[in-house]
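Let me begin by presenting the structure, written as structure tokens, before commenting on it.
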Amino acid sequence: GVATSTESPPFVICKERFSKAYRHPDLDAKLTKTRCRFEARILEKCAQKSDIRVPKVIRISPPSLYLEYLDGPNVKTYLQEMNAQQKDKDGDVTMLSEKQEAFPAPRIEYSKLAERIGAMVGRLHSIGVVHGDLTTSNMILLWKSQVEPTQDFDLTLIDFGLAKSTSSVEEQAVDLYVLERALESTHPELPDNFLDILLKAYSENTASVSSNKNSQTTLQRLEQVRLRGRKRECFG
């Protein structure tokens, strides 16, 4: 079974998998239960085998999964609002939402954020987990001080609904490619060296899963995945 947290946080979020009308009800119920429990196991694996910050599993009740609520902006929102503020040049801090009016967000150096993202993904792959949907919408910023803004923050990874338990170099490379495309399409304002810094941190934080698999092999495969992606764009 899956061990769950015995201490419930003040707020809990319920993630529900909706039924698929095109599937037979019995098959749909079975698949939903299996995938719900698998996502919980992946979260527990991340929490137990690495220092990756993920939501705590509170309760498993298919089709619902009750998880720790993380009170922070996602990286997508943070970067977009920071970029808008840079354009406005109205000050040194930006408000992330009306709910957080009392706690303005500090500016995080792009290089520091890139390093943290790369290190997090590297550690994830090191324990044999591929996320499947690495976008900035699925990364939450949690400031360690809730009194005043500082650059001391935790980076949390959420939404493991498409995750896999695998050490496949191909799967890891595709994971990185999804992240790369998400950064390019959603955050064109990022500096040119953002991805280079991210991948360097990834390489430094990816332990060898087996004797013939390491970060350099994954990065080499990433080049092949990029080439396939460009061919699809050119020829459909």
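The values are calculated or read from the model by the stated rules, or taken from the named source; none is laboratory data. Every value quoted in this text rests on a predicted model; they were computed, and no experiment measured them. Here Cβ is always computed from backbone atoms with ideal geometry, including for glycine, and neighbour counts include all displayed protein chains. For the accessible areas, the whole protein counts, side chains as well, though only heavy atoms, and no ligand, DNA or RNA atoms are used. Shrake-Rupley method; radii C 1.70, N 1.55, O 1.52, S 1.80 Å.
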Somewhere in the range 167-180, is a residue surrounded by fewer than 16 Cβ atoms within 10 Å (Cβ to Cβ), out of contact with any Lys or Arg (no Cβ under 8 Å at 6 or more places or on another chain) and either farther than 12 Å from L113 by Cα or of a type outside the set (S, T, Y) (or both)?
-> no
Could you please find all residues in the range 72-98 being open to solvent by 40 Å² or more (accessible area, probe 1.4 Å), in contact with a strand residue (DSSP E or B) (Cβ under 8 Å, 6 or more places away or on another chain), at pLDDT below 70 and closer than 15 Å to I140 by Cβ?
-> none
Residues in the range 37-73 that are aromatic (F, W, Y) and assigned to a loop (DSSP other than H, G, I, E, B): how many?
-> 1
Per the filter on the range 116-141, residues open to solvent by 10 Å² or more (accessible area, probe 1.4 Å) and aliphatic (A, V, I, L, M) are A119, I127, I140
